[in-house]
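The values are calculated or read from the model by the stated rules, or taken from the named source; none is laboratory data. All figures in this text were calculated on a predicted structure; none of them were measured in a lab. All Cβ positions, even for glycine, are placed from backbone atoms using ideal geometry, and neighbour counts span all protein chains on display.
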Amino acid sequence: MEPHRHTDPDAAAEAVTSTDCTAQATDRAEAWAAARGRMLAHAYRMLGSWQDAEDVLQEAWLRMADADEVRNPDAFLTTTVTRLAIDRLRQRQRRQEDYIGPWIAEPVASDRLPEDAAIERDLLSLAAIQLLERLSPPERATYVLRTGFAYSFKDIGVVIDHTESACRQLFRRATARLGADARFDADPTTHGRLLDALLHAARHGAMRELETLLAHDAVLWADGGGKVSSALKPIHGPAKIARFMVGVTRETDAIRVVDINGLPALEIHPDGITRLVSLRVRDGRIEELLVAGNPDKLGAT
């Protein structure tokens, strides 16, 4: 007869707990891998900074990995990323008060954008991201969750700790702030055609031809951040913008078309410093030129 074997209850419980923890960790890692692209796009729309978006994602993952219980990984990540982004936006607003010149969101090379079928690429264009800079952090969160995730106002309220009615009001205010500018053409073919025409006219000093490409109320924003020479105030009107573009493009032959935020853009090196020129287009004309030159903001290009 074999001797009776006693089972150590503590050892058995520890083995079960270890198995449960391993399974839980695996489930969370799989949920994270499935959601990462959407969360990165969400964080970038919230922050307008690729580096900040990646930092927020890392923090969100650590919080999910350490959480005692995560019933709904998507909801947990969306809430965590949104709240972390709101905190960062509030901190950044204080820094922007001392920023030199206009503030432009960070451009991102198109091949770095997440390849997720659930992400509307138009929402990640630099023009779309830049428009969100007009909003307060709660307005921005509400607008991004509503337009990017189709969240109900009740669910948005849970995420940002506001009432449902307050979220409705935030969305109305955000929509009013963006106004007609929220409607623009994000077709790559249209952008490519206008960029080619813009570059050709600027290089040949064809002022009249250049001006016809621009809307009557066109504006150019140049962000040097005090790190490189740049226009410290927005440039308004086709004539002034045309003169600026002629001056910039005539100073160098180092010009090429690159793919930024899902759309063609110009990369120019007029003084050995990289500048990226992106467009906002509506009704076949250029309404806005975004000239990013601050080297601190070009790390993701």
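For region 56-75, the candidate set comprises residues that are in contact (Cβ under 8 Å) with a residue 12 or more places away in the chain and among the acidic types (D, E); within that set, the residue that is nearest to R134 (Cα to Cα) is E59. Restricting region 255-281 to residues that are in contact with an Asp or Glu (Cβ under 6 Å, 6 or more places away or on another chain) and surrounded by fewer than 20 Cβ atoms within 10 Å (Cβ to Cβ), the residue that is nearest to L40 (Cα to Cα) is V258. Considering only residues that are of a type in the set (S, T, N, Q) and touching a residue at least 40 places away in the same chain (Cβ under 8 Å), which ones fall in region 227-277? Across region 227-277, the qualifying residues are S229, S230, T249, N261. In the set (1) more than 30 Å from V246 (Cβ to Cβ); (2) touching a residue at least 60 places away in the same chain (Cβ under 8 Å), D181 fails one condition alone, (1).
Here the helices (runs of 4 or more DSSP H) wholly within region 135-195 that include at least 3 residues being in contact with a Phe, Trp or Tyr (Cβ under 6 Å, 6 or more places away or on another chain) and modelled with pLDDT of 95 or more are 137-149, 164-178.
Quick check: anything in region 210-223 touching a Leu at 6+ places or on another chain (Cβ under 8 Å), more than 30 Å from D296 (Cα to Cα) and not acidic (D, E)? Yes, there is a match, as at least one residue in region 210-223 is touching a Leu at 6+ places or on another chain (Cβ under 8 Å), more than 30 Å from D296 (Cα to Cα) and not acidic (D, E). Test A222 against the stated conditions and say whether it is over 24 Å from G101 (Cβ atoms) and of a type in the set (A, V, I, L, M). Here the answer is no, as A222 does not meet what is asked. Report yes if A201 is surrounded by 13 or more Cβ atoms within 10 Å (Cβ to Cβ) and part of a strand (DSSP E or B), otherwise no. No: the conditions fail for A201. Do we find that T301 is at pLDDT below 95, within 23 Å of the chain's Cα centre (by Cα), surrounded by 19 or more Cβ atoms within 10 Å (Cβ to Cβ) and among the polar types (S, T, N, Q) in this structure? Considered against the rule, which asks whether it is at pLDDT below 95, within 23 Å of the chain's Cα centre (by Cα), surrounded by 19 or more Cβ atoms within 10 Å (Cβ to Cβ) and among the polar types (S, T, N, Q), T301 comes out as yes.
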